[in-house]
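Written out below as structure tokens is the structure these notes cover.
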Amino acid sequence: PKYVYDFTEGNKDLKDLLGGKGANLAEMTNLGLPVPPGFTITTEACRRFLADGALPPGLQEEIDTHLGALEGRMGRRLGQADDPLLVSVRSGAKFSMPGMMETVLNIGLNDESVHGLAKQAGGNERFAWDSYRRLIQMFGKTVQGIDGELFDEAFEELKNGRGDLDLDAAELRGLVETFKGIVRAETGHDFPADPREQLRMAITAVFESWNAPRAILYRRQERIPADLGTAVNVCTMVFGNCGMDSGTGVAFTRDPGTGHQGVYGDYLQNAQGEDVVAGIRNTMSLQDLEGIDKNSYDELMRIMEKLENHYRDLCDIEFTIENGKLWMLQTRVGKRTAGAAFRIAVQLVDQGLIDLDEAVNRVTGDQLAQLMFPRFAKDETRTRITKGMNASPGAAVGKAVFSSERAVELAARGEDVILVRRETNPDDLAGMIAARGVLTSRGGKTSHAAVVARGMGKTCVCGAEELEVSTKERRFTAPGGVEVAEGDVISIDGSTGEVFLGEVPVVASPVVEYFEGSCAEEDELVRAVHRVMTHADSLRRLAVRANADNAEDAARARRFGAQGIGLCRTEHMFLGERRRLVEDLVLADADDERERALAALEPLQKADFIEIFQAMDGLPVTIRLIDPPLHEFLPDYTELSVKVALAGDRAEAKDRRLLAAVKRLHEQNPMLGLRGVRLGLVIPGLFAMQVRAIAEAAKEVPGTRAEIMIPLVGAVQELEHVKDEATKILAEAGVEALVGTMIEVPRAALTAGQIAEAAEFFSFGTNDLTQMTWGFSRDDVEAAFFSRYLDLGVFGVSPFETLDRDGVGRLVRLAAEEGRRTRPDLKLGICGEHGGDPESIHFCHEAGLDYVSCSPFRIPVARLEAGRAAL
Ligand code: ADP
Ligand code: MG
Ligand code: MG
């Protein structure tokens, strides 16, 4: 295979092979933008390297050929003593993993070529030694695995309180000697002087960085597959550190927080590479570049517009200016907040760059879910201690902690924490995941904290410069003598950048208020959501129903757009005060006692159903007859035995009988025991009472479309018994209702063709179906071994979260197909947790189901994803 592509050979669609960075460098090159020449080594070479532990055969030769061509074109050889070509070696995977892997700049410098570089730059010694010390520092840390602190400390000591620009050539030259000493001491060898050796080692290190612990953690968090590998980009160096007419910057074509068009970015004069995000000096805003270097600024604006029109989306950009000449070093379709995603999609439609289908495609259910998070109440009484930058929206409250380790520790104990740092770096990732929110005192909207938090959808305030953060003392101070120590509660608002002392109460988001119908579309975000949702509704084939078992949830579900109830559980109606009646039912040992108990329950059930039918006003309502084992309604065995024992002879007769019943009903494995349809067949009159209550309620609410659903059926015979009885009751009442079943036992799926003889609809109960297909008890396995399974890659995500297509999904498809063969108009739905999960909704669409049902709050998400699935 071909392992190396020149930037002129690739394009943006080759991300699998060239990584995002390489593919987009090629795209920009071919658009005629000023990109320093270079080439990309493919992800395939990386995969081979990681599998074999050695460079694949032929790769070195191919690299040599491309390097030779680059040298020819530039008219200088890599590291040539009197006139060196220098390159950067940059990682770049298919999916952006900010700061997770390695980049080394200034490859090709050594004790000779450093003089050649100075000469190239018109005798600029300072610049040459600055570049050399950067090489040793980056190479030592990332390629040779030396603790970066050693270099940082030596650097700090030399600066002695001065800024990096205050060091002169002689001092930087001395620093190079110190750094070389560190390398010698740490590795036992001299810093590698051979430019080709440097290049080879750096390429290998980038390959290996794919499996660095923080990269693995990031991928797991972001659900990026572990086996993609990274590409390596070898790119001719251009220099932002050779004077004040040079510099480096990052920019967005729009505000990634709001989506508004304008000039967003940071620029740092006389600096290289990551300086701008590392917070070594305060950056200036991109707008200020106009005053310093109008030519470069204007060209950058033209390029940004060109990129937006070309990618038809928000782009982020990394650039460098070398002596007044602009160079483009990276672009990609930029990460953005959930709100910006909706706004931008609609703005692009209005600009005529994309159509509404594409707009629906560009936003996700997860983003919509984020917009439904609550916000802080605008209340006069809250104590604002400072304001930083609104880096990633949301409202987070928690105890301040000052290290990643502490964040992980406290979060594991179930505490809400806010991670507070001067700035974050990739080592803080675990703490950022554990925290409710992140607060930093340095860095802009493009800092590590901001970029990573936005990617994770985590609330973040960054660059709160008034705060003095002391990680060592685990405290920070704010203006006015405010002190916050570890454990003190703070609240941070990622939408405004505000930081508050103590716990600030939260209120509903405007998007939720819009769905609730209580807010007009005057808000720009709400208008964007409205347009996207309206179009998604027009696209989707799947109907969306709600899981709701009271009038309040039913009403909310309708406001959120539910087209019916897909799962109304009846067991919740047996709790609270009514437990006593269920106890009477369980204790009844004569027919008349049992009938009395059921008769007492019936009017209560009927009243419940009336409310729900009224709330749904003619939309279909699927009611599941009682499902859980009866002992769930009885007192706890241990508590009851203690009570009876303590009372001794004076124990009430009912308690004694209850105790005996609890003992009798105890099951080793209740999920596989006496529940669902089995209860209906064993306890005479129970299901009949429920069906009667439904029928009587339906009579009182004209237009009702009730669907009676029998749980846990595994054989058509079970269903037939219940159905016969139900049909009679319905006929007597003169009420029409469908009778159907859940498909949640594997046998039901396997015999769906027979079951459909009796069932008028199927609803896939994918929680139980997943448990029983895998043989996993959901309540037990998640804590016991799921994280190990995720590590081992047995599955990429819990099958309880996202429907397992290969196993459970196969049963669903089979049952759908065979059921419809028996009964072509068989209605098919899903009512497990999966009904609100985006990936699973796409599966349901493909499998030809008629509807998904999910909790009321997930309904907008399901509507959107059902629309996206239809594209
Ligand atoms: P990341 O993936 O972390 O963004 P990059 O490979 O983009 O890493 O490198 C980080 C920074 O290093 C770039 O933004 C750019 O400023 C600088 N850099 C990389 N290659 C070059 C180069 N050839 N010339 C000048 N600067 C470079
Ligand atoms: Mg980097
Ligand atoms: Mg970059």
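Considering the stretch 847-866 alone, what residues qualify as being more than 22 Å from Val529 (Cβ to Cβ) and outside any strand (DSSP E or B)? Even if it seems obvious, please write down each step before you answer.
Here is the first cut: in the stretch 847-866, the residues more than 22 Å from Val529 (Cβ to Cβ) are 847-851, 853.
Passing the criteria: Ala847, Gly848, Leu849, Asp850.
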### Message
Regarding the stretch 57-73, can at least one residue be identified that is farther than 20 Å from Leu326 by Cα, without any contact (Cβ under 8 Å) to a residue 40 or more places away in the chain and either among the β-branched types (Val, Ile, Thr) or outside any helix (DSSP H, G or I) (or both)?
### Response
yes
#### Entry: Long-range neighbours under 7 Å by Cβ, at least six apart or interchain, first residue aliphatic (A, V, I, L, M) within the stretch 130-145, second in a helix (DSSP H, G or I)
Ile136/Val176; Ile136/Phe179; Ile136/Lys180; Ile136/Val183; Val143/Met201; Val143/Ala202; Val143/Ala205
### Message
Suppose we keep only residues that are in contact with a Lys or Arg (Cβ under 8 Å, 6 or more places away or on another chain) and among the hydrophobic types (A, V, I, L, M, F, W, C) within the stretch 105-130. Which one would you say is farthest from ligand 1 (Cβ to nearest atom)?
### Response
Trp129
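Does the stretch 818-826 contain any residue that is under 26 Å from Gly365 (Cα atoms) and more than 19 Å from the chain's Cα centre (by Cα)?
Here is the first cut: in the stretch 818-826, the residues under 26 Å from Gly365 (Cα atoms) are none.
Looking through the stretch 818-826, none of the residues is under 26 Å from Gly365 (Cα atoms) and more than 19 Å from the chain's Cα centre (by Cα).
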### Every pair of residues 6+ apart whose Cβ atoms lie under 8 Å, when the first sits in the stretch 80-102 and is touching a residue at least 24 places away in the same chain (Cβ under 8 Å) and part of a loop (DSSP other than H, G, I, E, B) while the second is among the polar types (S, T, N, Q) and within 11 Å of ligand 3 (Cβ to nearest atom)
Met101/Ser91; Glu102/Ser91
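Being within 14 Å of Gly437 (Cα to Cα), in a helix (DSSP H, G or I) and either assigned by TED's automatic domain parsing to the domain that holds Thr253 or hydrophobic (A, V, I, L, M, F, W, C) (or both) narrows it down to one of Ala359, Ala411, Ala345, Ala400, so name that one. Steps first, please.
Details: Ala359 fails: within 14 Å of Gly437 (Cα to Cα); Ala345 fails: within 14 Å of Gly437 (Cα to Cα); Ala400 fails: in a helix (DSSP H, G or I).
Answer to the selection: Ala411.
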### Query
For the stretch 822-846, how many residues meet the condition of being crowded, with 24+ Cβ neighbours inside 10 Å, of a type in the set (A, V, I, L, M) and not in a strand (DSSP E or B)?
1
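Select from the stretch 29-43 the residues that are assigned to a helix (DSSP H, G or I) and more than 19 Å from Phe239 (Cα to Cα) and list them in ascending order. Steps first, answer last, please.
Taking the stretch 29-43 as the starting set, the residues that turn out to be assigned to a helix (DSSP H, G or I) are 29-30, 43.
The answer is Asn30, Thr43.
Here's the yes/no breakdown for (1) more than 26 Å from Gly20 (Cβ to Cβ); (2) within 16 Å of ligand 3 (Cβ to nearest atom); (3) within 34 Å of the chain's Cα centre (by Cα):
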position: Gly79; (1), (2), (3): yes, no, no
position: Gly92; (1), (2), (3): no, yes, yes
position: Leu105; (1), (2), (3): no, yes, yes
position: Asn110; (1), (2), (3): yes, no, no
position: Leu117; (1), (2), (3): yes, no, no
position: Leu135; (1), (2), (3): no, no, no
position: Thr142; (1), (2), (3): no, yes, yes
position: Glu149; (1), (2), (3): yes, no, yes
position: Glu153; (1), (2), (3): yes, no, no
### Query
In the set Arg281, Arg302, which member is touching an Asp or Glu at 6+ places or on another chain (Cβ under 8 Å) and either more than 14 Å from ligand 1 (Cβ to nearest atom) or assigned by TED's automatic domain parsing to the domain that holds Ser131 (or both)?
Arg281
#### Entry: Where Val87 falls short, out of the listed (1) more than 16 Å from ligand 3 (Cβ to nearest atom); (2) β-branched (Val, Ile, Thr); (3) within 23 Å of Leu329 (Cα to Cα)
(1)
### Residue, farthest from ligand 2 (Cβ to nearest atom), within the stretch 245-266, restricted to residues that are more than 26 Å from the chain's Cα centre (by Cα) and at pLDDT 90 or above
Asp245
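Among the candidates Glu112, Glu62, single out the residue that is surrounded by fewer than 22 Cβ atoms within 10 Å (Cβ to Cβ), acidic (Asp, Glu) and within 24 Å of Gln144 (Cα to Cα). Please lay out each step first, then the result.
Numbers: Glu62 fails: within 24 Å of Gln144 (Cα to Cα).
Within the list Glu112, Glu62, the selection yields Glu112.
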### Query
Across the stretch 310-345, which residue is surrounded by the fewest Cβ atoms within 10 Å (Cβ to Cβ) among those that are aliphatic (A, V, I, L, M) and within 16 Å of ligand 1 (Cβ to nearest atom)?
Val333
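The values are calculated or read from the model by the stated rules, or taken from the named source; none is laboratory data. Just so we're clear, the structure is a prediction, and the values are computed from it rather than from any experiment. Positions of Cβ are generated from backbone atoms using ideal geometry, with glycine treated the same way; all protein chains shown enter the neighbour counts.
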